[in-house]
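Taking it in order: structure first as structure tokens, then the write-up.
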Amino acid sequence: MHFENIRDDTEVSPGLLIERARVASRSTWVSVVVNLCLTLAQVGVGILARSQGLIADGIHSLSDLVADFVVLFASHHSKKEADEGHPYGHQRFETAASLVLGLLLLAVGVGMLWSAVRKLEAPETVAQVHIIALYAAGGALLAKELLFRYMLAAARKVKSSMLVANAWHARSDAASSLVVGIGIIGNLAGYPILDPIAALIVGLMVARMGWTFGWSALHDLMDHAVDEQELQAIRQTLTGTPGVHDIHDVRTRKMGDMIVVDVHIEVDAGKSVAEGHDIAVLARQRVLQRHPVLNVMTHVDPWRPASPPDVERTPGLPDPVRATE
């Protein structure tokens, strides 16, 4: 076995982290521009057209604008290299950003629900909207759907859960604009109450999305293990390493979008310490190359073949003699 080309200090490719930060910055700045324009247009038209649903959608776009700056802040810090205070790097800034995004969405959703419920309690206060509100809702729907598709493609390219969260945030905006458009159509058709009902539905959608992202991020911050499919893939890579007879005590935890692995590998007890070390280095290197893993901590245990079964003694004959090496 040849291990001379394996480095003991190999870590996750820094190029991947740099590329992820670059894509996150570019896609998020696109989102900033889009959401800034939408916020001004939706709130302004909503006030002029007297549409609560459109105003609520504009506030939703404003929350996206704040969320975009949270993502920019997180992507800037998460690309920092490991230091004495953060020996595993700063990838959890992304997880923290996802938690902030979730809490922000939840707060905005609850606020929208409160406002819509108050309107529904006094339906006589619901005004007839102007048709310009419908045009604004349609334009917002198209812009948000295009933004979602662009951001999701960027997130998948660099495999960033934070960017996926922000992309689906944009999709929730597109869905909310669709609901708002339906509410405005109902209002124009002579059913004014449909406008605050649309705002209520948007609030529920936003709150649910916020709870989902926040809860998932909280689990990751509590050292949540990876899913079973990813764990089995890592196990197969380890057990497929030449010189590794078996593994046990495999533990994983999330570190942002990366994974930290602890594992005990079993190596032939007859090998030298240096050979066992080289096998462990190879196993670690294979995992780092094939999976989104930040670091692998290995512990080498001696493996011994099972003792041969006792040979049955035949009555009346001398005891059999086992062959020795």
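The values are calculated or read from the model by the stated rules, or taken from the named source; none is laboratory data. None of these values were measured; they are calculated from a predicted model. With ideal geometry, Cβ positions are generated from the backbone for all residues, glycine too; neighbour counts draw on all protein chains shown. Ligands, DNA and RNA are stripped out before the accessible areas are found, and what is left, the full protein with its side chains, is counted by its heavy atoms. Shrake-Rupley method; radii C 1.70, N 1.55, O 1.52, S 1.80 Å.
Listed residues Ala269, Ala207, Ala280, Ala225; which is aliphatic (A, V, I, L, M) and under 30 Å from Gln128 (Cβ atoms)?
Of the residues listed, the single one that is aliphatic (A, V, I, L, M) and under 30 Å from Gln128 (Cβ atoms) is Ala207.
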Legend entry - Residues being outside any loop (DSSP other than H, G, I, E, B) and open to solvent by 50 Å² or more (accessible area, probe 1.4 Å) - total across the range 241-267: 7
Inset, instruction - Looking only at the range 223-240, decide whether some residue is part of a loop (DSSP other than H, G, I, E, B) and without any contact (Cβ under 8 Å) to a residue 12 or more places away in the chain. - result: yes
Legend entry - Condition met for Ile182 (open to solvent by 60 Å² or more (accessible area, probe 1.4 Å) and of a type in the set (Val, Ile, Thr)): yes
Legend entry - Cβ pairs under 6 Å, 6+ apart, first in the range 101-129 and open to solvent by 50 Å² or more (accessible area, probe 1.4 Å), second among the aliphatic types (A, V, I, L, M) and part of a helix (DSSP H, G or I): Leu106/Ala207; Val110/Ala207
Inset, instruction - Quick one: Trp215 ticks every box in (1) over 28 Å from the mean Cα position of the chain (by Cα); (2) open to solvent by 70 Å² or more (accessible area, probe 1.4 Å); (3) in contact (Cβ under 8 Å) with a residue 24 or more places away in the chain except a single one, so which number is it? - result: (1)
Inset, instruction - Scan (1) at pLDDT below 90; (2) open to solvent by 30 Å² or more (accessible area, probe 1.4 Å); (3) touching a strand residue (DSSP E or B) at 6+ places or on another chain (Cβ under 7 Å) for the single condition Arg208 breaks and write down its number. - result: (3)
Inset, instruction - Answer yes or no as to whether Arg171 is at pLDDT 85 or above, open to solvent by 10 Å² or more (accessible area, probe 1.4 Å) and among the basic types (Lys, Arg). - result: no
Legend entry - Hits in the range 155-167 - residues which are open to solvent by 10 Å² or more (accessible area, probe 1.4 Å) and either in contact with a Ser or Thr (Cβ under 9 Å, 6 or more places away or on another chain) or aliphatic (A, V, I, L, M) (or both): Ser161, Val164
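Can you confirm whether the range 194-208 contains a residue that is small (Gly, Ala, Ser) and touching a Phe, Trp or Tyr at 6+ places or on another chain (Cβ under 9 Å)?
yes
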